[in-house]
Amino acid sequence: MKILGIETTCDETGIALLEFIKEKDLKFRIINHQLRSQIKVHSKYGGIVPILAAREHKKNLPILYEKLLKETNENPENFDYIAFSYGPGLPPALVSGKEFVFNLAKKLNKKIIPVNHLLAHIYSVLIPKNRLNIIQKIKNINLPAICLLISGGHTILIYTDDLKKFRKLGETKDDAVGESLDKAARILGLEYPGGPKLEKLAKKGRAIFNLPRPMIGRKDFNFSFAGLKTAFWELVEEVKKYNKFDEETKKDLAASYQKAAFETLIIKTKKAYEKYKPKSIIVTGGVIANNTLRKMLIKIFSKDKLIFPDKTLSTDNGINIAFTGYFFVDKAIEPEKLEIYPLLDI
Ligand code: KG4
Ligand code: ZN
């Protein structure tokens, strides 16, 4: 079975073609995937401009689709389904994706699988490697699991017994951690996208500045990153006042911010781990592309309990969408049980 997957929830246009082979075990291969980032378009605005994201998706989707066909020599007649990420995401960007998918599905007379973007981040950890044309088995995960989903739009702690039903334990009450890293990077004068640039700068710095670890004293599993960002802004203003805002200090500031944000995530995850005693801890979403965070987590939890996606699948892409779409077709899981968020009516 071949599934085309399309991702347009934010600023990455992704298309992938996956093949699934169900024999004794479920196997799959990534036939091809295309990804176009919109960094250049948004960087001069310091963040994502939703309407420009929509325009870029609209422009890039047909280009990437043609590229995929050309590189694979695949006949679209042989596709079985078209999976697409219906949300949550930026509404104008979602509309561009949905329009492309609905037109293509009509033209090819194929069925559509709407995939929840957050679920795709969770299911991405079942993909062992992002390698083209290698037949792979689905990664086995010991359950129950808790899942820390950390992206540009979300920071959620989730509990699952079976990877079918998900219980939200807590979430951010304001900014997502990825968003806060992007904003901290901006305060330091780094270009969008801030997360990876902040990581690079922080690697050469020392976490010597004091910053809060928000909401760690509370019993619940909620987060808040808006106050941390404001505290960071005030700290940077103070540093500037004393004319100390040089390259070395910027590195230390970056390292201090990252440490505060990541320790907050880890403290909350540890609390959830101690309460629910899961067999696995899944950490997924764009922010887990960060190596410093991966290392910090490995120091606290044993390596065999931690489940990360392949680094290249941490951030948004079409592979995760096509892959997750399969589980709806297979009927291994019931779509309605998977909803962390309702289907957006767009
Ligand atoms: O999952 P994702 O691609 O999109 C959303 O669903 O939001 O996550 C994007 C977020 C951005 O905030 C970005 O700065 C962050 O993930 N990110 C990183 C790194 N790579 C991406 N944050 C920290 N370190 C990284 N290396
Ligand atoms: Zn995402």
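Numbers at a glance
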| read-out | value |
| --- | --- |
| The stretch 1-136 - percent of accessible surface contributed by carbon and sulfur, probe 1.4 Å | 52 percent |
| Loop-resident sites, the stretch 1-90, for chymotrypsin sites (Phe, Trp or Tyr not before Pro), counting at most 10 other Cβ within 10 Å (DSSP) | Tyr45 |
| Positive minus negative residues near Ser256 (Lys, Arg vs Asp, Glu; Cβ under 14 Å) | +3 |
| For the chain, with +1 on Lys and Arg beta carbons and -1 on Asp and Glu, the positive-most of Gln136, Ile208, Leu52 along the dipole | Ile208 |
| Computed label-point distance, nm, for sites Ser302 and Lys111 using a 7 Å Cα→Cβ extension | 4.2 nm |
| Furthest towards positive pole of dipole, Ile3, Tyr65, Pro76, structure part the stretch 1-95, Cβ charges | Tyr65 |
| Antiparallel bridges, percent of DSSP beta bridges restricted to the stretch 145-309 (to nearest 5) | 55 percent |
| Gain upon complete extension [Lys203, Phe245; 0.36 nm per residue less C-alpha separation] | 13.4 nm |
| C-alpha long axis of helix 318-329 to longest principal axis of the chain, angle in ° | 50 degrees |
| Qualifying trypsin sites (Lys or Arg not before Pro) in the stretch 1-54, DSSP loop, other Cβ atoms within 10 Å at most 10 | Lys24, Lys44 |
| Filter on Lys219/Lys240; Lys67/Lys259; Lys183/Lys219; Lys164/Lys259; Lys197/Lys303; Lys59/Lys173 - keep pairs with C-alpha separation over 31 Å | Lys219/Lys240; Lys67/Lys259; Lys164/Lys259; Lys59/Lys173 |
| Potential lengthening between Lys24 and Lys137 on full extension [0.36 nm per residue; Cα-Cα distance subtracted] | 39.6 nm |
| Assigned charges on the beta-carbon of Lys, Arg, Asp, Glu; the stretch 145-309 dipole about Cα centre (debye) | 640 debye |
| Filtered trypsin sites (Lys or Arg not before Pro), the stretch 181-255: DSSP coil and at most 10 other beta carbons within 10 Å | Lys219 |
| Between 0 and 90°, nearest 10: helix 291-300 axis offset from the chain longest Cα axis | 80 degrees |
| Equivalent ellipsoid semi-axes, the stretch 145-309, via Cα gyration tensor eigenvalues times 5, rooted, Å | 29, 15, 13 |
| Nitroxide proxy distance, nm - points 7 Å out along Cα→Cβ at Ser43 and Arg167 | 4.5 nm |
| Fraction of alpha-carbon pairs over 17 Å apart in the stretch 178-242 - percent | 48 percent |
| For the chain, accessible area per residue (1.4 Å probe, heavy atoms of protein chains only), Å² | 46 Å² |
| Cα Rg, Dmax (largest Cα-Cα span) when computed across the chain, Å | 20.3, 67 |
| Helix 226-241 vs. the chain, principal-axis angle (Cα, 0 to 90°, nearest 10) | 50 degrees |
| CD proxy at 222 nm, helix term only [per DSSP H run n ≥ 4: -39500 (n - 2.57); per residue of the chain; nearest 500] | -13500 deg cm²/dmol |
| Longest to shortest principal axis, alpha-carbon extents of the stretch 250-306, angstrom | 39, 19, 19 |
| P(r) histogram, all alpha-carbon pairs of the stretch 1-81 included - 10 Å bins from 0, percent | 17, 41, 25, 13, 3, 0 |
| Cα-centred dipole magnitude for the chain, charges only on beta-carbon of K, R (+1) and D, E (-1), debye, nearest 20 | 860 debye |
| Overall form of the stretch 74-167 per C-alpha gyration tensor (a/c, 1.5; a/b vs b/c) | oblate |
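The values are calculated or read from the model by the stated rules, or taken from the named source; none is laboratory data. Owing to the predicted nature of the structure, the values given are computational and were not obtained by experimental measurement. Every residue, glycine among them, receives a Cβ derived from its backbone with ideal geometry; neighbour counts consider all protein chains shown. Surface accessibility is based on the protein's heavy atoms, side chains included, excluding ligands, DNA and RNA. Shrake-Rupley method; radii C 1.70, N 1.55, O 1.52, S 1.80 Å.
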